[in-house]
Amino acid sequence: MGKEAMSIGGIVGIILVLPEDLESPGGGAAEVRLEAGGSRCAGRVEVKEQDQWGTVCGYGWDMEDAAVVCKQLGCGSALEAPRYGHFGPGSGPIWLSDLECQGTETALSECKHDDWRKDYCVHARDAGVVCSEPSESLWLVGRGSRCDGRVEMLLHGTWVRVLDDQWDVNDASVVCRQLQCGEAERAYNPPKPERGTGPVNGAGRCAGRVEIYYEGTWGTVCDDSWDLSDATVVCRQLGCGVAMEAPGSAHYGKGSGKIWLDEVNCSGGEAALWDCPAKAWGQHDCRHKEDAGVVCSDSALSCAAEVRLEAGDSRCAGRVEVKHQGQWGTVCDFGWDMEDAAVVCKQLGCGSALQALEYAHFGPGSGQIWLSWLRCTGTETALSECSHHGWGKHNCYHAEDAGVVCSGKDRRVRLVNGTGRCAGRVEIYYKGTWGTVCDNSWDLSDATVVCHQLGCGVAMEAPGSAHYGEGSGQIWLDEVNCSGGEAALWDCPAGAWGQHDCRHKEDAGVVCSEFTALRLEKSNGCSGRLQVFYNGTWGSVCSNSMTPDTMSLVCKELGCGDEGFLETDLPYGRISGSTWLDRVECGKMNSSFWQCPSAPWKQQSCYDQREETRITCSEMEKIRAVGGEDGCSGRVEVWHRGSWGTVCDGSWDMKDAEVACRQLGCGPAVSALRKAAFGKGTGPIWLERVECRGTEQSLWDCCTQPGDSGACQHKEDAAVNCSGFVQLVGGDSPCSGRVEIRDGEQWRTVCDSHFGVKAADVICRELQCGTVLSIPGAAHFGEGRVRLVNRAGRCAGRVEIYYEGTWGTVCDDSWDLSDATVVCRQMGCGVAVEVTSSARYGEGCGQIWLDEVNCSGGEAALWDCPARAWGQHDCMHKEDAGVVCSEFTALRLEKSDGCSGRLQVFYNGTWGSVCSNSMTPDTMSLVCKELGCGDEGSLEADLPYGRVSGPTWLDHVECGKMNSSFWQCPSAPWKLQSCYDQREETRITCSGIQLCP
């Protein structure tokens, strides 16, 4: 059955006859997309129903379901079907759950599933997919089916649209046959719209010369006053992310014909380029050598990390956050200065930097702290281009998050002095300064425009008489008279800027419908009834489904500690006032109370006072090391419920110690000590079991069990030795790298001019790293380094070289085992067992440093081999070279669930078994922990008789409680055949509590 064509910006549309017409509950196959995965063929699965995008629950999600998604998107076959929010939690409805696809369906909505929008799932379980990418160089997109949509072709590694004024059904039939989609019924070449925009002559649709379609012809834009704010509008209009560059001077070649726009002056928030202030259409004083261009974040030219400013009063002020590996995180303020801030403002198109703020001026963030010790020069176009310590490497807390205030662009509006961004005194930024609005004739229509402009819903109140306090400085507007439909407050009729007969006691204010706030009502702010402000009034939260996670999040958000306790001795009686919310169910993945699932907003969600939530929060918890000499070693004690207490050593290991040392600000951990090594503590034992991954910022971020069972005594108090004032940075382990010494709150390097074996030996002893092997100077751990990335280990992956301050890849032209051998030797990873090409370990980004490498195999470093000059190549990142070295090791349990079966290790290029002689519960427990399969394992005993097939690499593996990794455990030497009988192979089934999801 044919369907009407969509007119997509004058682009070719094609409608096809499908073999059958299967309909979803929404009246046809539901559209599907993959989000947050870095490409259109990998990411979190989202489906569109009732004109709204939502996610798919991971319950029952498997490879058959994933196969249907890949097929529907024209993305080849399914490689992985990850669950549990692998690509980050989504938002909005969870449309589908418990899918039972056969793998033969053409759309996900055709699979058997539970009713649309079941409420028992949470976004932490959102399903994901990794597809193999399309095998064809042609596909149809935009309509949710592989046989219906806009024609796109793969050209030089980039998908581009097909434009053809003469497109007809004969052309369409060729496409249909190529895609094995039957015959084309009709082919649409819809008339061009009155206006359209797009980049031309770049690398794909998201970078190039800007051209606009107007009055039947395409024309360019002059670069007079062209900047990132203008480019931001173009990128948003094209769905290409944010603007990274705004090149002029015909950077992408000279256009021809019309020059449609000149002196474009966007604020950055407009919906289309022609909504920005500019000269009249076709009026200009330019030539085509001045044609403007853009590079958007979604283009093939941009590898820069996205940046945003949060919790400020506009998009140009706030806490600095960057996006890395699909996740937003903050920037540490160590070394933060105006040069760094200038780059952020430039990247966002927010003018120049006014302030570079420290100590979480805009409030502490949550999640990752991605960057620290940035050293921008101010000339970079993106923050991720600046020199820094490495992604995720820092010694910071969120109390040290960096912030920025930029000059902004032209005019902005904000609400101040209210408890949230959607209520307060109205202020406008104009001519470089903030000023207020006079309340003469101020009413709900005026307030509605402000609320709409801020994305805060509709106006509930329009208070005057400086209800939110008197402002200072300028009074910018008076006699404002909006109709309510204007896009911005300054579009409304009003007196001239700065002309008024008012004083600040007449400052206008606003309360918008989306203003929400949270409080505990007692005077200390940390106990009492839990209330939310919604729809203009405070109301209670009901206690049904209230969990410790929810109470903990409330206390954290209010700055009242990390724990809360529910008050239970409540009076009987009817509640007075609103009870806005019930069944609030926060989980460990939620970073804000407002992210938590709940029942819908309702004025009366419960009626009895005994159902109201009353919480008492604990004080903010702290940590200290007691009994050592310098505060960086000693018995670990934590502050909880008003007193200091100890930590039990039951599961205490180096990962836990690493987190404790980080929280203490004492550098890396040297040892994790047990059995009251610094003496017995007194008082409570607050934590009985701590399970850290080693990357957390504090012990409170780790999975823990309270110490109230009585199972521990003070003779089992845990302790740490931290490096304190010395650390090794940039190496491949804690025992190699650049020497850095702590000076107050800063880490500083050591000059190598008089640095000898004796000094190095002291450092090795202090870090408990044995004896000195070598003392490479001349910034050995800076310029001129090689690494292998994107694989589970340091001895296999994509080859990358550090040169001229940035990492880049190596092209696979003529790449062979001789080249790979040099890399493996240089890395200390043995010999090369496999050489990979065609970006087997994923495409890199940025520079391609070397091409046509031709090593003999005996060179000391890859850059000693014959090759083209640095940076000269004819390659793309789909040709990135890779290596597997003989010392690459990995661990697995071979059954499909990954948590049971033969224990195998990857060594010398092949998988082999581990023999069970000397196998202990500690070893099995460590294997299960390392594989994320719980904290206990049991040995399968009923094994068949017969000769082992394949290598049996290890025997007599004897892990102890002090080991934090399987690879630290003592064992017999590596041997191709360590045992011969299948009854000697180690088969484990993991179980026990998985403390961390």
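How big, in percent, is the set of alpha carbon pairs in the range 598-701 lying more than 15 Å apart?
That fraction is 67 percent.
Determine, from the Cβ-Cβ distance of Lys431 and Gln52 and an R0 of 30 Å, the FRET efficiency 1/(1 + (r/R0)^6), rounded to the nearest 0.05.
0.15
First select every other residue whose beta carbon is under 9 angstrom from the beta carbon of Val343; then total the charges, Lys and Arg +1, Asp and Glu -1.
Neighbour charge sum, excluding Val343 itself: -3.
Per 0.36 nm of contour for each residue apart, how much would the distance between Arg787 and Asn417 grow if the chain were fully extended, relative to their Cα-Cα spacing?
128.1 nm
Expected output is a single nm value to one decimal: the length gained when fully extending between Thr537 and Arg308, i.e. 0.36 nm times separation in residues minus the C-alpha distance. What is it?
Result for the pair: 79.3 nm of gain on full extension.
Which of the lysines could a cross-linker bridge to Lys258, judged by Cα under 20 Å and excluding same-chain residues fewer than eight apart?
Of all the lysines, those that pass the test against Lys258 - Cα under 20 Å, at least 8 places apart if same chain - are Lys192, Lys279, Lys289.
Mean projection of the alpha-carbon convex hull of the range 855-997 over all orientations, in nm²?
With every direction weighted equally, the projected area is 12.7 nm².
What spacing in nm lies between the two simple spin-label points modelled at Arg519 and Thr377, each 7 Å away from Cα in the Cβ direction?
5.2 nm
First obtain the Kirkwood hydrodynamic radius of the range 427-571 from its Cα pairs, then insert it into the Stokes-Einstein equation at 4 °C and 1.567 mPa s, and state the resulting D in µm² per second as a whole number.
The estimated diffusion coefficient comes to 74 µm²/s.
On a straight-distance basis, which lysines could pair with Lys961 in a cross-link, Cα separation under 18 angstrom, same-chain partners fewer than 8 positions away excluded?
Lys655, Lys675, Lys715, Lys929
Zone of Asp501 (label point 7 Å along Cα→Cβ, backbone N under 18 Å): which residues in the range 461-493?
465, 475-481
Would you list, by chain and number, the lysines whose Cα falls below 27 Å from the Cα of Lys522, excluding same-chain residues fewer than 8 positions away?
Lys522 reaches Lys556, Lys588, Lys602, Lys622.
Modelling each spin label as a point 7 Å along the Cα-to-Cβ direction, I'd like the Ser91/Lys680 distance in nm, to one decimal.
About 5.3 nm, to one decimal.
Quote the FRET efficiency, to the nearest 0.05, computed for Trp281 versus Thr547 with a Förster distance R0 of 51 Å and r equal to the Cβ-Cβ distance.
0.30
Using a Förster distance of 35 angstrom, determine the FRET efficiency expected from the C-beta separation of Lys878 and Gln826, and round it to 0.05.
0.90
How big, on average over all directions, is the shadow cast by the Cα convex hull of the range 360-459, in nm²?
Computed as one quarter of the Cα hull surface, the answer is 8.8 nm².
Checking the a/c ratio against 1.5 first, then a/b against b/c, what shape does the Cα gyration tensor give for the range 370-416?
oblate
What does the charge add up to near Arg983, with Lys and Arg as +1, Asp and Glu as -1, over the other residues with Cβ less than 11 Å from its Cβ?
Spelling it out: positives minus negatives among the neighbours equals -3.
Measure off 7 Å from each Cα along the Cα-to-Cβ vector at Ala759 and Ser256, then give the distance between these two points in nanometres to one decimal.
6.6 nm
Read the figures in this text as sums done on the coordinates, not as results from a lab. Small disclaimer: the values here were computed from a predicted structure and weren't measured. Cβ atoms come from the backbone with ideal geometry, glycine included; neighbour counts cover every protein chain shown.
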